[in-house]
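Everything below concerns the one structure shown next.
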Amino acid sequence: MTELQTGSQKSKVILVQEPYFAKRQTPKAPQGFNIYYSQGTTPRAIILVSRSLTSIGLDHLSTRDTVLVQVTAGQEDFFVCSSYLDITVPHVVYDVDECVDHAHRTKLPIIIGMDSNCHSELWGCPNSNQRGEVLENSSSIRILSYTIKAISQHLWELLALQ
């Protein structure tokens, strides 16, 4: 966080899961960033977006564990989602499904960063576990395979220029 606070960090969008906050501490954005999280709870997922980008939090799709933000870079709109999948909750994919469905309905690309507490060979784990298999087979992952194709190199270039 020190690099973010001094402004030496060049990241434009930062997805965080399980951020540490002292009891009853209100999350605060580092200088030059907007912060998004579900208000009224201690968040387990947050998104930081550089103020050089236009961004809007989608509160109706955000919870303590999942945050969705619409970002504009140049002429391109896309979503970013930060999600923490609690290992103690038996339902593996809960809030992320709604975010992915929203991106699919609006035909905008979505970038997801998550602490899934799932193991899967699909994302480089040496083996899969039951939670990983559930996530692999979720509608979110199937829809994402379509959406990922929509993210062009142009979008990444725009982020680098902003």
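Scanning the stretch 73-88 for residues that are touching a residue at least 40 places away in the same chain (Cβ under 8 Å), among the β-branched types (V, I, T) and over 19 Å from R51 (Cβ atoms) turns up just one, I87. For the stretch 91-104, the criterion of being touching a Phe, Trp or Tyr at 6+ places or on another chain (Cβ under 6 Å) and over 19 Å from V16 (Cβ atoms) is satisfied by at least one residue. Go through the stretch 52-70 and give me each residue that's surrounded by fewer than 23 Cβ atoms within 10 Å (Cβ to Cβ) and touching a strand residue (DSSP E or B) at 6+ places or on another chain (Cβ under 6 Å). Passing the criteria: L53, T54, S55, I56, G57, L58, L61, Q70.
Among the residues making up the stretch 107-122, a single one is in contact (Cβ under 8 Å) with a residue 12 or more places away in the chain and assigned to a helix (DSSP H, G or I): L122. Would you be able to tell me the number of residues in the stretch 46-64 that are of a type in the set (G, A, S), without any contact (Cβ under 8 Å) to a residue 60 or more places away in the chain and not in a loop (DSSP other than H, G, I, E, B)? Number satisfying all stated conditions: 2.
Tell me, which residue of the stretch 103-122 that is of a type in the set (D, E, K, R) and surrounded by fewer than 18 Cβ atoms within 10 Å (Cβ to Cβ) is modelled with the lowest pLDDT? If we take residues in the stretch 103-122 being of a type in the set (D, E, K, R) and surrounded by fewer than 18 Cβ atoms within 10 Å (Cβ to Cβ), then E121 is modelled with the lowest pLDDT.
When the stretch 123-161 is filtered for residues that are assigned to a helix (DSSP H, G or I), surrounded by 13 or more Cβ atoms within 10 Å (Cβ to Cβ), at pLDDT 75 or above and of a type outside the set (V, I, T), the ones remaining, listed by number, are R131, G132, E133, L135, E136. Checked against the criterion of being within 15 Å of L15 (Cα to Cα) and either touching a residue at least 12 places away in the same chain (Cβ under 8 Å) or in a loop (DSSP other than H, G, I, E, B) (or both), the candidates V93, V67, V100 yield just one match: V67.
Screening the candidates F33, F79 for the property of being surrounded by 14 or more Cβ atoms within 10 Å (Cβ to Cβ), at pLDDT 85 or above, in contact with a His (Cβ under 9 Å, 6 or more places away or on another chain) and more than 21 Å from R131 (Cβ to Cβ) yields one hit, F79.
The values are calculated or read from the model by the stated rules, or taken from the named source; none is laboratory data. All figures in this text were calculated on a predicted structure; none of them were measured in a lab. FYI the Cβ positions are ideal-geometry reconstructions off the backbone, even for glycines, and counts take in every protein chain you see.
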